[in-house]
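Got a structure here, written out as structure tokens. Questions coming.
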Amino acid sequence: MILIEKIEEMKFYIRERKKEGKIIGLVPTMGYLHQGHLALIKKAKEDCEVVVVSIFVNPVQFGRGEDYETYPRDLERDRDLCRREGVNVIFTPRVEEMYPQGYSTFVEVEGKLSSILEGASRPGHFRGVVTVLVKLFNIINPDYSYFGEKDYQQVLVVKKMVKDLNFNIQIIVLPTIREEDGLAISSRNSYLNKEERKAATILYRSLVAAKEQIKRGERNPHSLISFMKNLIEKEPLAHIDYIAVVNPKTLEEIEKIDKKALLALAVKIGETRLIDNMKIEI
Ligand code: PAF
């Protein structure tokens, strides 16, 4: 496994592998790798001959007052995990090279898809995500790129960008990996103290309880949202940002649950903002 920091070096490495006709897979990450990332890497290893894991805490996708400075970082540990999984290259560009002084180009998926839910709570977030991914896709030119369904809206936004900008990249999406008690695995879980960690299961518990209500015949999204809200509000450490019952393709609100729906929520547990979602099929 090699570690590459410089963009030109990364491009050169890829050019050489492409000459050899190799299939390239990219797992874009912000590091502090967990089981969710490892599942993406394992799948990339199955599909591709060369697997690149990018580790880059992307400043432009964090809003003011968010956790860019404190976002967990541990390159040594990430390196060991990647080596164990048979990753070929870790790409860790420097912020100053990705966004040098005077940098001024940003890519945005316009419209509702990136302005509702996470987009509404974190203005500019998807603009930052899409911009860094366009840069990574241009540098690494992968055949496949891998994403987790925990960031459901991110997946839809990325797929739209890939389609609109005619990238020749297959976006592969893997299900959310959960702890034994249901908590969706996320690097941000490391912020939780013992008490908060316990309280954090309320996200998954409320999703499961809502699904049960649907099984019992509930079809009204508003009633379902009230039901989840009541449940979450019983947890003193939890503060709801949003709860939504939406069309899984467009993320627009629905008036009635029939066939398919997505339950999505963002909740602060203490100071830590967590998201989760569940697909419903009747
Ligand atoms: O999901 C993430 O970790 C980030 O948003 C991504 C896709 C690596 C872009 O910085």
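Restrict the check to region 163-170 and report whether at least one residue is charged (D, E, K, R) and surrounded by 15 or more Cβ atoms within 10 Å (Cβ to Cβ).
No.
I'd like to verify a number: residues in region 34-50 that are away from the ligand (no atom under 15 Å from the Cβ) and either at pLDDT below 95 or under 19 Å from the mean Cα position of the chain (by Cα) (or both), how many?
2
Examine region 225-233 for a residue that is surrounded by fewer than 20 Cβ atoms within 10 Å (Cβ to Cβ), touching a residue at least 24 places away in the same chain (Cβ under 8 Å) and within 20 Å of Tyr152 (Cα to Cα), and state whether such a residue exists.
no
Give me the residue from region 171-182 that is part of a loop (DSSP other than H, G, I, E, B) and either in contact (Cβ under 8 Å) with a residue 60 or more places away in the chain or at positive phi (or both) and, out of that set, surrounded by the fewest Cβ atoms within 10 Å (Cβ to Cβ).
The residue in question is Gly182.
Quickly run through region 57-110 and pick out the residues that are among the hydroxyl-bearing types (Ser, Thr, Tyr) and within 30 Å of Glu271 (Cα to Cα).
Within region 57-110, Tyr68, Thr70, Tyr71, Thr92, Tyr99 meet the criteria.
Report the residue count in region 186-217 for those that are within 16 Å of the ligand (Cβ to nearest atom) and either more than 18 Å from Pro175 (Cβ to Cβ) or in a helix (DSSP H, G or I) (or both).
5
Which residue, of Gly102, Gly86, is surrounded by fewer than 18 Cβ atoms within 10 Å (Cβ to Cβ), in contact (Cβ under 8 Å) with a residue 12 or more places away in the chain and over 19 Å from the mean Cα position of the chain (by Cα)?
Result: Gly86 is the single residue among Gly102, Gly86 that is surrounded by fewer than 18 Cβ atoms within 10 Å (Cβ to Cβ), in contact (Cβ under 8 Å) with a residue 12 or more places away in the chain and over 19 Å from the mean Cα position of the chain (by Cα).
Could you tell me whether any residue of region 219-229 is among the aromatic types (Phe, Trp, Tyr), part of a helix (DSSP H, G or I) and under 28 Å from Asp78 (Cβ atoms)?
no
The values are calculated or read from the model by the stated rules, or taken from the named source; none is laboratory data. None of the values given here were measured: they were computed from a predicted structure. When we count neighbours, we look across all protein chains shown, and the Cβ atoms used for this are built from the backbone with ideal geometry, even at glycine.
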